[in-house]
Amino acid sequence: MALIPDQQLRSKLASDFPALKNSEQRWSKLSKHANEVNMNEIMLQYAYPRLDINVTKGLNHLLKSPFCIHPKTGRVCIPFDPSDVDHFNPDNVPTINQIVQELDKFAKEDKENSASIQDYDKTSLKGPMQVFQTFLKGLK
């Protein structure tokens, strides 16, 4: 309600909201007054992802740089394709230990080709690296 600048409208909505059953009904009621309220500002305030303050001010928190390693979980911060976000599962993100094991396994199984292939192509980082390279080509 604090985002609604018109005191009369804010009071009216405040008195109407308790009778409404859920947030969807409240949003619908608020949307009917969209010409009186800056709906974009309200949507931005409530729908835009919020950063954890400790992530930006704490020196021991990740800033989500691609391919950095989380100090507690050992998981690799990987880029993913936003158009495929429904298939992204954070629990399946590789760990640094997994990457080391994959590199060791590849070296044992394919000693002949090991030197000619990029290290990330030998691991589960191959897909995320392709996503990152596609992103970088788009920036060019």
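Give the shape of the range 7-47 as rounded, prolate or oblate, defined through the alpha-carbon gyration tensor: a ≥ b ≥ c are the square roots of its eigenvalues, a/c under 1.5 means rounded, and otherwise the shape is prolate if a/b is larger than b/c and oblate if not. Kindly include the intermediate steps, with their values, before the conclusion.
Details: a/c = 1.96, a/b = 1.22, b/c = 1.60.
Oblate, because a/c is 1.5 or more while a/b does not exceed b/c.
Here the relative contact order of the range 62-139, from alpha carbon pairs under 8 Å that lie six or more residues apart, stands at 27 percent. Here K140 is the anchor, and the aspartates and glutamates within straight C-alpha reach of less than 20 Å, apart from those fewer than 8 places off in the same chain, are D81.
Using 0.36 nm per residue and subtracting the Cα-Cα separation, the extra length available between D121 and F135 on full extension is 3.3 nm. Taking other residues whose beta carbon is less than 10 angstrom from the beta carbon of D16, and scoring Lys, Arg as +1 and Asp, Glu as -1, yields +3.
For K32, the lysines whose Cα falls under 29 Å of its own Cα, not counting residues fewer than eight places away in the same chain, are K12, K21.
Cross-link partners of K111 among lysines, defined as those whose alpha carbon lies under 21 angstrom from its own and excluding same-chain residues fewer than eight positions apart: K122, K126. Here the gap between K72 and S28, fully extended at 0.36 nm per residue and compared with their Cα-Cα distance, gives a gain of 11.6 nm. Net length available on complete extension from Q8 to D104 is 27.7 nm, with 0.36 nm assigned per residue and the Cα-Cα distance removed.
Read-outs throughout are calculated quantities, based only on the coordinates presented, and are distinct from any laboratory measurement. For clarity, every value in this text was computed on a predicted model and none was experimentally measured. With ideal geometry, Cβ positions are generated from the backbone for all residues, glycine too; neighbour counts draw on all protein chains shown.
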